[in-house]
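Peer 1: Encoded as structure tokens, here's the structure I'll be asking about.
The values are calculated or read from the model by the stated rules, or taken from the named source; none is laboratory data. Computed from a predicted model, the values in this text were never measured in an experiment. Positions of Cβ are generated from backbone atoms using ideal geometry, with glycine treated the same way; all protein chains shown enter the neighbour counts.
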Amino acid sequence: MSNSKEKLSFFENVNRNFDRAAQFTSHPKGLLEQIKGCNSVYAFQFPVRTSKGFEVLHGWRVEHSYHKLPVKGGIRYSDFVDEDEVKALAVLMTFKCAVVDVPFGGAKGAIKINPKSYTVTDLELITRRYTAELIRKNYIGPGVDVPAPDYGSGPREMAWIADTYAAFNPGKIDALACVTGKPVAEGGVRGRTEATGRGIYYGLREACDNAEDMKKLGLTQGLSGKRVVVQGLGNVGYYASKFCHEGGAIIVGLAEYEGAIYNPKGLDIDAVVKHRKETGSILKFPGAKDIPNTLEALELECDVLIPAALEEQITDENASRIKAKIIAEGANGPTTADAEEILLKKGVMVIPDMYLNAGGVTVSYFEWLKNLSHVRFGRMDKRFEQSAFDKMLQAVEQATGKSFSSFERKEIVKGADEIDLVNSGLEETMTTAYNQIREIWKSNSKIPDLRTAAFLSAINKVATSYVDLGIFP
Ligand code: NAD
């Protein structure tokens with residue numbers, strides 16, 4: 001782009017962040033070019049006959065990086081989506097996987113529709129037709145490319161995709177691993193639905209637990225008592241709010257596209273969701289102040305702002321008015337590169353999307369492993385663990401002469417279920433990755449922020465793969 005004052009596209013914003021981090025590496029130019037570019041962009045159109053009549057729809061699948069296979073990334077259903085956006089999201093997926101050590105390359109898909117304007121039957125038809133287009137060009141498969149839900153899609157769509165793939169690949173024993181985010185009964189894993197929101201909570205908690213960083217921001221250590229505003233009450237926003245609330249934060253503001261609500265004493269997230277279901281809007285929630293212009297919610301008085309709706313919400317236009325000390329990016333690309341410069345000058349800490357919303361892909365990885373192993377996590381070892389713990393308790397009882405109550409015994413000897421193992425794996429992943437990127441950030445005073453550190457961590461990991469493959473010296 002010749003004029004730097006022109007608005008950068010989402011893809012250009014991501015590339016700018018890449019370039020900013022790449023300057024801290026000594027990788028050769030060719031290797032950096034290979035890491036940066038999208039390896040394959042598949043844009044297509046397909047005809048469908050929906051309840052609206054005959055239509056030609058547009059779809060994409062972008063596979064950003066083949067340094068590890070399969071590639072992985074969600075499918076967005078949105079009438080605002082374009083190729084630039086899908087490419088940007090595919091790039092982010094590569095780096096997201098690398099940051100949390102999930103062994104996939106990045107990808108992203110999209111169908112340009114407003115899903116709310118179609119019937120369920122229409123959506124099934126569109127999803128199955130889109131899947132057939134991916135199969136036709138080998139853009140889906142357990143070892144090739146594994147989609148997942150994204151904005152506008154969910155477990156139902158993933159089940160249709162798995163079923164279509166299996167129908168086209170009869171007898172393929174690993175067919176279910178062609179897509180993640182499926183309902184549990186269709187090969188999904190427990191904990192996937194809430195994984196991104198739960199991961200945001202673990203990541204934010206880890207950041208807030210660092211006394212030194214909090215002191216610099218003028219905040220106390222710990223998530224407990226922090227005032228949080230959340231934009232978007234979909235999958236990511238709802239669960240992020242719920243787990244942060246359970247972790248002691250106070251959700252003071254919630255924004256949806258119809259408007260926002262604010263209550264400095266705290267909002268009951270489930271009550272707000274119920275109210276929205278009943279009235280069709282989050283506005284007029286008892287005890288809360290209405291903010292009809294939803295974008296103003298981003299400027300509310302709070303400690304933490306979680307944008308969890310869409311990209312490019314915090315821009316050079318509104319960044320200077322943002323009062324939050326921490327921006328915890330739940331959505332992909334909610335902060336433009338120009339906005340980030342303004343925020344950094346104000347001393348705001350941005351916990352980047354590429355790290356913070358990686359909980360979904362982390363648990364998707366667990367689902368993929370489960371599908372390939374054909375066994376539920378915990379099935380083999382739960383009872384064994386229980387009996388081992390029980391024997392230990394008996395030994396302690398014999399040695400001390402004391403006996404545990406039946407409640408204590410039940411709590412202590414409990415073997416891990418699938419959900420316990422998934423949440424434990426997610427917590428470990430988010431905690432370790434945060435400390436890895438923070439260490440990189442603090443290792444060089446010229447590294448301006450956590451985003452640059454996260455990109456740097458990811459670039460180095462992807463570069464190592466290419467070097468190990470012998471493609472680059
Ligand atoms: P979703 O469709 O479940 O929810 C998005 C919500 O945002 C909806 O409730 C929508 O009404 C609301 N919204 C739309 N425009 C808005 C506006 N202008 N102001 C306020 N609210 C608005 O989608 P999701 O899965 O929660 O995804 C949200 C974001 O998180 C996207 O950027 C997505 O790429 C990213 N993300 C999702 C996952 C996942 O596992 N679902 C994982 C990583 C990243």
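Peer 1: If you check every pair at least six apart or on different chains, which have Cβ atoms under 6 Å apart with a residue in region 136-161 that is within 20 Å of THR362 (Cα to Cα) first and a residue that is of a type in the set (A, V, I, L, M) and away from the ligand (no atom under 16 Å from the Cβ) second?
Peer 2: Here the result reads ILE140/LEU134; PRO142/ALA177, each pair linking region 136-161 to a residue that is of a type in the set (A, V, I, L, M) and away from the ligand (no atom under 16 Å from the Cβ).
Peer 1: Continuing with this model, one more query. Could you list, in sequence order, the residues of region 347-368 that are within 19 Å of ALA453 (Cα to Cα) and of a type outside the set (Ser, Thr, Tyr)? If you could, list the steps in order and put the result at the bottom.
Peer 2: Of region 347-368, the ones within 19 Å of ALA453 (Cα to Cα) are 347-359.
Scanning region 347-368 gives GLY347, VAL348, MET349, VAL350, ILE351, PRO352, ASP353, MET354, LEU356, ASN357, ALA358, GLY359.
Peer 1: Does GLU340 satisfy being in contact with a strand residue (DSSP E or B) (Cβ under 8 Å, 6 or more places away or on another chain), touching a residue at least 12 places away in the same chain (Cβ under 8 Å) and away from the ligand (no atom under 12 Å from the Cβ)? Don't jump to the end; show me each part of the working.
Peer 2: Working: in contact with a strand residue (DSSP E or B) (Cβ under 8 Å, 6 or more places away or on another chain): yes; touching a residue at least 12 places away in the same chain (Cβ under 8 Å): yes; away from the ligand (no atom under 12 Å from the Cβ): yes.
Against the criterion (in contact with a strand residue (DSSP E or B) (Cβ under 8 Å, 6 or more places away or on another chain), touching a residue at least 12 places away in the same chain (Cβ under 8 Å) and away from the ligand (no atom under 12 Å from the Cβ)), GLU340 qualifies.
Peer 1: For the subset of region 219-239 comprising residues that are more than 8 Å from the ligand (Cβ to nearest atom) and in contact with a strand residue (DSSP E or B) (Cβ under 6 Å, 6 or more places away or on another chain), which member is farthest from GLU311 (Cα to Cα)?
Peer 2: Taking region 219-239 first, the residues more than 8 Å from the ligand (Cβ to nearest atom) are 219-230, 239.
The next check asks that each one be in contact with a strand residue (DSSP E or B) (Cβ under 6 Å, 6 or more places away or on another chain); those that pass are 226-230.
Values: LYS226: 24, ARG227: 23, VAL228: 19, VAL229: 17, VAL230: 14 Å.
The extreme case among them is LYS226.
Peer 1: Here is a follow-up. Cβ contacts < 7 Å: first residue in a strand (DSSP E or B), restricted to region 245-261; second residue polar (S, T, N, Q) and away from the ligand (no atom under 16 Å from the Cβ), any location; separation 6+ or different chain. Result?
Peer 2: VAL252/ASN263
Peer 1: Would you check which residues across region 216-240 are under 23 Å from TYR77 (Cβ atoms) and not hydrophobic (A, V, I, L, M, F, W, C) and list them? Spell out the reasoning first.
Peer 2: Our first condition is that a residue be under 23 Å from TYR77 (Cβ atoms); within region 216-240, this holds for 230-240.
Those that are under 23 Å from TYR77 (Cβ atoms) and not hydrophobic (A, V, I, L, M, F, W, C): GLN231, GLY232, GLY234, ASN235, GLY237, TYR238, TYR239.
Peer 1: In the list LEU283, LEU254, LEU267, which residue meets the criterion of being more than 26 Å from ILE351 (Cα to Cα) and either outside the structural domain of LEU219 (by TED's automatic domain parsing) or in contact with a strand residue (DSSP E or B) (Cβ under 7 Å, 6 or more places away or on another chain) (or both)?
Peer 2: Criteria check complete, one pass: LEU283.
Peer 1: Quick one: in region 311-337, which of the residues that are more than 21 Å from GLU206 (Cα to Cα) and of a type in the set (D, E, K, R) is nearest to the ligand (Cβ to nearest atom)?
Peer 2: That would be GLU311.
Peer 1: Could you tell me which numbered condition TRP368 fails, if it satisfies all but one of (1) under 17 Å from VAL189 (Cα atoms); (2) surrounded by fewer than 24 Cβ atoms within 10 Å (Cβ to Cβ); (3) touching a helix residue (DSSP H, G or I) at 6+ places or on another chain (Cβ under 8 Å)?
Peer 2: Status for TRP368: all satisfied but (2).
Peer 1: Any residue at all in region 43-53 that is within 30 Å of ILE437 (Cα to Cα), surrounded by fewer than 18 Cβ atoms within 10 Å (Cβ to Cβ) and of a type outside the set (S, T, N, Q)?
Peer 2: Keep residues of region 43-53 that are within 30 Å of ILE437 (Cα to Cα), which gives none.
Taking every residue of region 43-53 in turn, none turns out to be within 30 Å of ILE437 (Cα to Cα), surrounded by fewer than 18 Cβ atoms within 10 Å (Cβ to Cβ) and of a type outside the set (S, T, N, Q).
Peer 1: Next question. Any idea which of (1) within 16 Å of the ligand (Cβ to nearest atom); (2) part of a loop (DSSP other than H, G, I, E, B) is the one LEU426 doesn't satisfy?
Peer 2: Result: LEU426 passes all but (2).
Peer 1: To continue, here is another question. Being within 22 Å of ILE200 (Cβ to Cβ), among the small types (Gly, Ala, Ser) and buried (at least 21 other Cβ atoms within 10 Å of the Cβ) is the filter here; which residues of region 66-106 pass it?
Peer 2: Selection gives GLY73, GLY74, ALA88, ALA90, ALA98, GLY106.
Peer 1: Of the residues CYS178, CYS208, which single one is crowded, with 24+ Cβ neighbours inside 10 Å and assigned by TED's automatic domain parsing to the domain that holds VAL81? Talk me through it step by step, then tell me what you get.
Peer 2: Working: CYS208 fails: assigned by TED's automatic domain parsing to the domain that holds VAL81.
Matching residue, one of CYS178, CYS208: CYS178.
Peer 1: Same structure, new question: Hey, can you tell me all the residues within region 20-37 that are under 23 Å from the mean Cα position of the chain (by Cα) and surrounded by fewer than 17 Cβ atoms within 10 Å (Cβ to Cβ)?
Peer 2: Within region 20-37, GLY37 is the sole residue that qualifies.
Peer 1: Could I ask something else about it? Looking at PRO352, PRO307, PRO292, which one is assigned by TED's automatic domain parsing to the domain that holds ILE261, within 16 Å of the ligand (Cβ to nearest atom), in contact (Cβ under 8 Å) with a residue 24 or more places away in the chain and closer than 22 Å to ILE459 by Cα? Give the steps one after another, and end with the answer.
Peer 2: On the way: PRO307 fails: closer than 22 Å to ILE459 by Cα; PRO292 fails: closer than 22 Å to ILE459 by Cα.
None of the other options fit; the residue is PRO352.
Peer 1: Look through GLU278, GLU246 and report the one residue that is surrounded by fewer than 19 Cβ atoms within 10 Å (Cβ to Cβ), away from the ligand (no atom under 12 Å from the Cβ) and within 22 Å of the chain's Cα centre (by Cα).
Peer 2: Details: GLU278 fails: within 22 Å of the chain's Cα centre (by Cα).
Answer to the check: GLU246.
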